[in-house]
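The values are calculated or read from the model by the stated rules, or taken from the named source; none is laboratory data. Not measured: the values here are computed from a predicted model. No Cβ is skipped: glycine too gets one built from the backbone with ideal geometry, and neighbour counts run over all protein chains shown. For the accessible areas, the whole protein counts, side chains as well, though only heavy atoms, and no ligand, DNA or RNA atoms are used. Shrake-Rupley method; radii C 1.70, N 1.55, O 1.52, S 1.80 Å.
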Amino acid sequence: LESMTGSSYWRILFYLVLIVGVSSAFMNNTAIVAIFLPITMRLARSANISPARLLMPLSFAAMIGGISTVIGTSTNIIVTSFYKDYTGGASSFGIFDFTPLAIVIFIAFIIYIMTIGQWLLPKQDGADSLVEDYDLKQFLTQIDVKDGSSWIGKRLQDTDLWKHPHIRFIGIERESGNVWLPNQIESINKGDSFIVKAHVDHLLDLKNMEHIKVRRNVEFDGDDLNSEHAVLFEAVVGQNSFLVGKRIGDVDFHLLFRAVPLGIRRSGVPLRTTSLENIYIQFGDVLLMEARRQSLDQFYNSRDFIILEKVKKQSIRAGKMRLASVIVLSVVILAATRLLPIVTAALLGCALLLVTGCVSMRYIHRKMDWRVFFLLAGILPLGIAFEQTGTTALIAEGLLHLTGASSPLLIIAMLFGLTTMLTSFMSNNATAVLLAPLAITLANNLGVDDPRPFLVTVMFAASTSFLTPIGYQTNTLIYGPGQYTFTDFLRVGGGLTLIVWSLSTLLIYYYYFIL
């Protein structure tokens, strides 16, 4: 990308949304955004562009790209299964059945984001360094070990300083060389100085300790915390991370990751608190971490974190890359030509990726979003109950009576608006499960033989939630790194929602009822 775009913002934006949009048609769009987060951050920094100018277009492109094919997003797969059940297996959506519609919408998105969207995207500039960005200067300080202290020769774990719940050790400055992220068995030498993170209120607890002296007016910046042995970086908490819901103070970051959390950003804003340990971690939080460089490998390819900027070049398995590409392409061709059902082709592709060593069972297990299974296990029976008790039919009749609409065009517009409203505040998959039966019932009440156009409406609307940062997982991922506000999504996504809503309504009606 850098070789194609240079430092041109317009080239970066165009190639980024184009590549992400096309890729999302064949891969899970949340995974695509996770892959492109560090890439986008690097492009932004190399071209001296605010990441906020690129991350929201990245998320929106992934969403629209995902609606292009049946396998582009889990929502499409769910709605397709409803249609297959409705026809008794006699008919189903082909993998590219509605791709022409999605291509037109994607072109409209590119035009919007390259023109009107540019005036609406936030233009904030980031801080000069991560230390300033998270306002860490007031929390970082240096503590000297006094000459003649009885601590000299002891291990850190034997000192009251190590046991203090609100003080985190970042490093030790000593004549023989700095020790970064020391562990509890590190011995204390004469002349050592500890670099620690602590609030001034907690440092007051130490003033009476006879073994140490707290330095005053000591300031650190990003360069001080980056060395050949340690690195300061940001990590987004992943959707499947075991950290979600846990208190920072209850997680031994030093033992698990050889790292120390120094700050946290939520909803685009750094949380400035005297007690980082008491914060409960949420999906999409951005943690500022200090880690040993040799420990960085365990952060890469992890379900727990998405590193915003790779600080170390990773090894490339070129042979496996080509093999994986061939297998994925074969799955798409088999499904598109209907030589095999989509599910059969996909499972066969997964088996081949495993057998050929492109992925491991451990990797598959860690990457699987098990919560989706539990979500569907809970929401599918609810959808069935709605249908079998007549609730879906009652809602459909009420909507038709309320609107007085008898035209498929108006019903498509109404159904799109309803789906967009629901998916802005709840899971897109849950919205699809609840509204797919409603779409089929609306089609039957209108006397339409094939409910495809109404099901496609649910697919498109459920997967294009631009209005809020919580309506779709890709928006949640870029919310913190982009330092966006809630109103940023309303401002940029509002106009795009109106365009996609009106364009989808006209395209679906024309494609299924006129052609």
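A few comments on the model shown:
- By average C-beta atoms within 10 angstrom, highest first, the peptides 52-60, 381-389: 52-60, 381-389
- Remark: C-alpha extents of the chain on the principal axes read 92, 50, 49 Å, sorted largest to smallest.
- Within the chain: Cβ-based charge dipole about Cα centre, in debye rounded to nearest 20 (Lys, Arg +1; Asp, Glu -1): 860 debye
- Computed from Cα positions, the angle between helix 370-388 and the longest principal axis of the chain comes to roughly 30 degrees.
- Cα convex hull of the stretch 1-148 - mean projected area over all directions, nm²: 14.7 nm²
- Only DSSP H runs of four or more residues enter the estimate; each adds -39500 (n - 2.57), and after division by the residues of the chain the mean residue ellipticity at 222 nm equals -15500 deg cm²/dmol.
- With each label modelled as a point 7 angstrom along the Cα→C-beta vector, the Leu382-Arg247 pair spans 3.1 nm.
- Candidate residues Asp144, Asp250: accessible-area rank, largest first, probe 1.4 Å: Asp250, Asp144
- Surface analysis of the chain yields an accessible area of 45 Å² per residue, using protein heavy atoms and a 1.4 Å probe.
- The order of the peptides 89-102, 317-330, 449-462 by mean Cβ neighbours within 10 Å, most packed first, is 449-462, 89-102, 317-330.
- Maximal additional length on extending the Arg45-Thr87 stretch stands at 9.9 nm, based on 0.36 nm per residue less the C-alpha distance.
- Tensor-based shape of the stretch 334-391 (alpha-carbon gyration tensor, a/c under 1.5 rounded, otherwise prolate or oblate): oblate
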